[in-house]
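The values are calculated or read from the model by the stated rules, or taken from the named source; none is laboratory data. This one's a predicted model, so the numbers in the text were calculated from it and none came from an experiment. Neighbour counts run over all protein chains shown; Cβ positions are idealised from the backbone, glycine included.
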Amino acid sequence: MTNTPAMPPTGPIVEYGKSHWIEGAAHLPDVNASYKIVFSVSGPSKSREATNAGLERVARAVNLYSMSGVSLSQLTCVAIIHGEATASVLQDPHHQAYDGTPNPNANLIAAIQRAGVEVSVCAQSLIANGFTIDALLPGVTRSLSALTTITVLQHDGYSLMPL
């Protein structure tokens with residue numbers, strides 16, 4: 001069992017993804033290691049007004065690594081958005097046209113991007129849903145597909161975290 005400090009080395013850095021420090025926790029990240037994670041976010045939000053739970057978990061992961069003492073420079077993350085989560089990356093006017101509400105994920109996505117997470121959307125899902133590239137939130141990249149992105153990144157040493 002690893003001895004953990006009573007308080008986290010740093011606090012949460014993303015205002016989303018509630019995270020709690022646990023005294024005496026086992027299996028803490030090595031503060032001297034670098035981590036590469038690809039998050040596969042495919043599920044829809046629970047309601048039209050709610051943020052996407054998968055995106056919240058991306059924020060939680062960043063916070064937990066940070067709270068464990070891993071600096072953002074040691075954490076390389078890509079969130080690939082696809083399937084029913086595709087509308088999560090739309091600008092408000094396009095999201096409004098899609099389901100009648102402003103995008104509840106816009107601020108969450110901006111927050112994880114500020115923490116260094118690349119947010120990418122599957123172009124196949126964009127096309128299948130009839131969304132255009134001009135509909136995307138700022139900074140969201142387009143991948144050929146989630147299928148290829150995940151395997152290419154795993155080949156490059158990323159750990160897959162399906163959400």
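Between residues in region 15-37 that are closer than 20 Å to residue 73 by Cβ and among the aliphatic types (A, V, I, L, M) and residues that are modelled with pLDDT under 90 and in a loop (DSSP other than H, G, I, E, B), which pairs lie under 7 Å by C-beta distance while being six or more apart or on different chains? Cβ pairs passing all conditions: 28/2; 28/4. Can you say whether residue 71 is surrounded by fewer than 16 Cβ atoms within 10 Å (Cβ to Cβ) and either at pLDDT 95 or above or of a type in the set (S, T, N, Q) (or both), as far as the supplied structure shows? Considered against the rule, which asks whether it is surrounded by fewer than 16 Cβ atoms within 10 Å (Cβ to Cβ) and either at pLDDT 95 or above or of a type in the set (S, T, N, Q) (or both), residue 71 comes out as yes.
For every residue, the table says whether it meets (1) farther than 19 Å from residue 161 by Cα; (2) among the small types (Gly, Ala, Ser); (3) in contact with a helix residue (DSSP H, G or I) (Cβ under 6 Å, 6 or more places away or on another chain).
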{"site": "48", "(1), (2), (3)": "yes, no, yes"}
{"site": "60", "(1), (2), (3)": "no, no, no"}
{"site": "93", "(1), (2), (3)": "yes, no, no"}
{"site": "96", "(1), (2), (3)": "yes, no, no"}
{"site": "105", "(1), (2), (3)": "yes, no, yes"}
{"site": "111", "(1), (2), (3)": "yes, yes, no"}
{"site": "116", "(1), (2), (3)": "no, yes, yes"}
{"site": "132", "(1), (2), (3)": "yes, no, no"}
{"site": "136", "(1), (2), (3)": "yes, no, yes"}
